[in-house]
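In what follows, a structure is listed as C-alpha cells, so that the remarks can point back to it.
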Amino acid sequence: MTDVDEAPLLEARSLTRHFKVGGAIARKNLHAVDDVSFAIGEREIVALVGESGSGKSTVARLLARVYKPTAGEIFYQGRPLSGLRSRKDLLAYRSDVPMVFQDPFASLNPAYRVSHGILRGLALHRPDIARADRRAEAERIVAQLGLDAAGDVLDRYPYELSGGQRQRIGFAQALAYRPRLIVADEPVSMLDVSVRIGLLNLMAKLRDEQGVSLLYITHDIASARYVADRVMVMYAGHLVESGPVEDVLQEPKHPYTQLLLDAVPDPRAPLTVGPATDRGEPPRVIDPAPGCRFRRRCPLAVDVCEQVTPEPVELAPRHRAACHVAVANAGLGELAVAGRSDS
Amino acid sequence: MASAPLPDGLLSQEPLLQVRGLTVEYDTAAGPVRAVESFDLDVLPGEFVGVVGESGCGKSTMLFGIAQLLSPPARISAGSVLFKGSDLVTMTARELNATRWRDVSVVMQSAMNALNPVRQLASQYEDVMRAHGEKSSSVIRQRSEEVLALVGIDKTHLKSYPHQLSGGMRQRAMIAMALLFTPDLIIMDEPTSALDVVAQRSLMVQIKELQQRLGFAVVFVTHDMSLVSHFSDRLVVMYAAKTVEIGPTRDVFAHPGHPYTQGLLDAFPSIRGPRVPLTGIPGSPPNLLNPPTGCRFAARCPHRFELCDIAPDMYDTGHTLAACHLHAASREEALR
C-alpha cells in the first residue's frame with residue numbers, strides 16, 4: 001500500500017520505535033512511533049506534520065539511522081536498511097539520505113569555517129572528486145543555494161552568518177553528498193518569517209531542478225501546504241491521515257487534522273472560536289491499551305474508538321485516514337466492526 | 001506630523017501606560033548599540049496591544065525597558081514610561097517592588113526557565129503574595145486556587161512541581177501567577193512561542209477571555225504576526241529598533257502602509273485560498289552599531305526612492321501611521 005506510482009524511493013513498513021522509561025522496577029515503554037507505514041517517491045516533497053511529541057522527529061531519526069526501529073522495516077530503493085552492514089553500504093545510504101537539522105545555530109561546529117563541513121562531506125561521500133577540485137565543487141554548491149560571493153562565505157565562521165545563511169549552509173552540507181532524499185527536521189522553524197519563504201522556495205527548487213525528494217517535518221501546516229506535494233499527519237505516534245496536500249487540507253477526514261487546521265492562525269480568515277475550543281493535550285503514550293489515541297479529545301468519539309485501534313483506510317484516491325467514524329461516513333465500514341483489534 | 005499613537009475617538013480616554021521617547025542602549029566594546037530608539041506607545045485601560053517584529057528588532061528589549069527589568073550592559077538612555085501618571089524609569093527599587101505584580105506583571109517567554117524548578121506552584125504563588133504584604137495563609141491558599149481555576153488548571157496542581165506540568169500548563173500557571181493581584185497591565189513576551197499550534201491557539205483564546213472578563217490591559221510581543229491578528233486591538237510593527245507602523249490590528253492587516261509590514265504579510269503562506277508563490281523579504285536588517293541615517297528598511301525595500309536617505313516621520317496613511325515617505329503628502333513635508 002504505497003501512494004507512489006512507480007517503485008518508491010524509500011518506504012517504511014509498520015515502523016515502530018519504543019523507548020524504555022522508568023526505573024528497573026517500574027519499567028515501561030514509551031511508544032514514540034507505532035506501526036507507521038509510508039512511502040516517498042522520486043522528486044517529491046512529503047510533509048510530516050503534528051504537534052510536539054507526536055513522534056515526527058523520531059521518524060526522522062529512524063530514517064537517518066540514528067535509532068534502530070523496535071519493529072518494522074525501512075526499505076531504500078527496495079533494499080531493507082537492516083541489511084546494510086558494511087561501512088561502505090552505510091556511507092552510501094547516508095550520502096543518499098542526509099539530514100538537515102532544526103537549529104542552524106547548534107548544528108554547525110563553531111570552531112571551524114563553514115567550508116569544513118562541506119569539504120568533509122565531499123571527501124567522505126564523493127571519492128570521484130579529486131582533493132584539489134573539492135573547493136571548486138563546494139563553491140558551486142554554495143552558489144547554487146543563493147549565497148552571494150560564494151568563495152567568501154566558505155571562509156567565514158558560523159557566528160558571522162545570519163540564521164538564514166546558516167541554514168543554507170546546512171542544506172549545502174547535505175547537497176554536497178548528491179542526495180536523493182533530504183530529511184529536513186523543522187528546517188525553518190528557528191528562522192524569521194522574512195527568510196523562511198526563501199528556504200522553502202529553495203526546497204522546491206531542489207526538487208524541480210535536481211530531482212531531490214524531501215521529507216519536510218514541521219508543525220507549521222501552512223508552510224507544508226506551500227511547499228509539499230503530499231502531507232502526512234501524525235498524532236501520538238500514529239499516522240492518522242495522509243494524502244495529496246490540497247485534498248487533506250480542503251477535505252480533512254480525521255478530526256485531529258481538522259483540529260490542527262482550525263488552530264492555524266490565519267489573518268485572512270474570520271475569527272472562529274466556538275465553545276468547543278480544544279483544551280486537551282496529546283497523551284503520553286506509555287504502554288497504551290488498544291483504541292484510538294485521539295479519542296479523549298475527539299468530538300466524534302464512539303464506543304468502538306475505546307476498544308479498537310483504527311487502521312489507515314483509503315477514503316479517496318491516495319487519501320487515507322485512520323478513523324472509525326470517517327470510514328463509516330465514507331460507507332466503507334460500520335462503526336461496530338470497523339478496524340481490527342490490536343493484538 | 002501625527003505624533004499621538006492613538007486611534008481617533010479614543011484620545012479622550014486617559015491612557016494607562018504612556019511610553020515617550022524610550023531609548024535603550026547596550027554598551028558594547030565597539031560603542032553603544034541602540035536596541036530601542038525613540039519608542040512611543042500609549043496603552044488604554046483594558047486594551048490589547050500587539051507588538052510584532054523579527055528577532056533583533058528590539059521588541060523584547062522594549063518590553064524589558066517598560067517593566068524596568070533591564071540589566072547591564074543595557075540601560076535606558078532617554079525617555080519616560082508613565083504608568084498611571086508616575087514614571088517607572090525614575091522610580092526607586094522600593095517603589096517598583098510595590099508596583100510590580102500588584103499593578104503590572106510580566107509573563108516571560110519560557111515558563112520552564114521562569115518558574116522555580118525545585119518548588120511547588122503553591123510556594124511560588126505564596127512568595128509573590130507575601131512579598132506584597134499578604135500574611136494570611138488561608139487567603140493566600142484561596143487566591144492561589146482561584147487564579148489556577150481562572151486559567152483552567154485543577155487546584156491539585158498547586159502541589160505540583162513545574163516539571164510535572166505540560167508546556168501549555170506551565171505557561172498557564174505563569175499567567176495565573178501574573179493574575180494574583182489582578183493587575184491593570186500584563187506584559188507578555190512571546191508566552192506561546194514554545195507551544196505548538198493547538199496549545200498556542202487555546203492559550204490565546206484563554207488570555208483574551210480573561211482579559212475581557214477581568215479588564216486588564218495587555219502588551220503582547222510576538223514574532224508571529226498572524227498569531228495576534230484576531231486578538232489584539234492595536235498592532236505595533238517594529239523594525240531595527242524603531243516603530244515602523246502602528247494602527248488598529250485589522251487595518252494593519254487590510255491596509256498595510258509600510259513596505260516592511262507588507263513584506264511580513266506576504267511572507268506567511270496561507271492554508272486557504274490559491275497557492276501563490278511568495279518571496280519573503282530579501283536581505284537582512286541593518287547592523288544597529290552603525291545604522292543607516294535614512295530609512296532603515298531602505299536597503300531591502302522594493303519601493304525605495306531618493307527621499308529614503310532621510311529618516312521618515314510617522315505619516316497618517318488614512319488607516320494606520322507608517323514611517324514611510326510614500327505616505328508624505330508632499331515632497332516638502334518629507335524634507336521638512
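The values are calculated or read from the model by the stated rules, or taken from the named source; none is laboratory data. Because the structure is predicted, anything quoted here is derived from the model rather than measured. Every residue, glycine as well, gets a Cβ built from its backbone with ideal geometry; the counts of neighbours run over all protein chains shown.
Observations, loosely collected:
- Taking the listed residues B:Leu210, B:Leu195, the one that is within 14 Å of chain A (Cβ to nearest Cβ) and assigned to a helix (DSSP H, G or I) is B:Leu210, with no other qualifying.
- Residues of the range A:86-121 satisfying the condition of being small (Gly, Ala, Ser) and farther than 21 Å from A:Ser189 by Cα: A:Ser86, A:Ala92, A:Ser95, A:Ala111, A:Ser115, A:Gly117, A:Gly121
Every residue, every condition in (1) more than 15 Å from B:Ser202 (Cα to Cα); (2) within 11 Å of chain B (Cβ to nearest Cβ); (3) buried (at least 21 other Cβ atoms within 10 Å of the Cβ); (4) modelled with pLDDT of 95 or more, yes or no:
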position	(1), (2), (3), (4)
A:Asp220	yes, yes, yes, no
A:Arg225	yes, yes, yes, no
A:Met234	yes, no, yes, no
A:His238	yes, no, yes, no
A:Glu246	yes, yes, no, no
A:Pro255	yes, no, yes, no
A:Asp262	no, yes, no, no
A:Arg279	no, yes, no, no
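- Of residues in the range A:69-106 being aromatic (Phe, Trp, Tyr) and modelled with pLDDT of 85 or more, the one farthest from A:Tyr159 (Cα to Cα): A:Phe75
- Matching residues, the range B:221-232, being within 13 Å of chain A (Cβ to nearest Cβ) and either touching a strand residue (DSSP E or B) at 6+ places or on another chain (Cβ under 9 Å) or touching a residue at least 40 places away in the same chain (Cβ under 8 Å) (or both): B:Thr222, B:His223, B:Asp224, B:Met225, B:Ser226, B:Leu227, B:Val228, B:Ser229, B:Phe231, B:Ser232
- The listed residue being within 8 Å of chain A (Cβ to nearest Cβ), crowded, with 19+ Cβ neighbours inside 10 Å and modelled with pLDDT of 85 or more, out of B:Gly247, B:Gly263, B:Gly257, B:Gly280: B:Gly263
For every residue, the table says whether it meets (1) within 11 Å of A:Ile118 (Cβ to Cβ); (2) aliphatic (A, V, I, L, M); (3) buried (at least 23 other Cβ atoms within 10 Å of the Cβ).
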residue: A:Val142; (1), (2), (3): yes, yes, yes
residue: A:Leu145; (1), (2), (3): yes, yes, no
residue: A:Gly170; (1), (2), (3): yes, no, yes
residue: A:Gln173; (1), (2), (3): yes, no, yes
residue: A:Ala176; (1), (2), (3): yes, yes, yes
residue: A:Ile182; (1), (2), (3): no, yes, yes
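- On the stretch given as the range A:38-56, residues that are touching a Pro at 6+ places or on another chain (Cβ under 7 Å) and more than 16 Å from A:Phe294 (Cβ to Cβ) total 3.
- Here B:Met62 meets each of (1) at pLDDT 90 or above; (2) out of contact with any Phe, Trp or Tyr (no Cβ under 8 Å at 6 or more places or on another chain); (3) not β-branched (Val, Ile, Thr) with one exception, condition (2).
- From the list B:Val252, B:Val218, B:Val237, the one residue that fits, being at pLDDT 90 or above, of a type in the set (Val, Ile, Thr), farther than 30 Å from B:Asn287 by Cβ and touching a strand residue (DSSP E or B) at 6+ places or on another chain (Cβ under 6 Å), is B:Val218.
- Filter pass, A:Leu202 being more than 8 Å from chain B (Cβ to nearest Cβ), in a helix (DSSP H, G or I) and either free of Cβ contacts under 8 Å to residues at least 60 places away in the same chain or not small (Gly, Ala, Ser) (or both): yes
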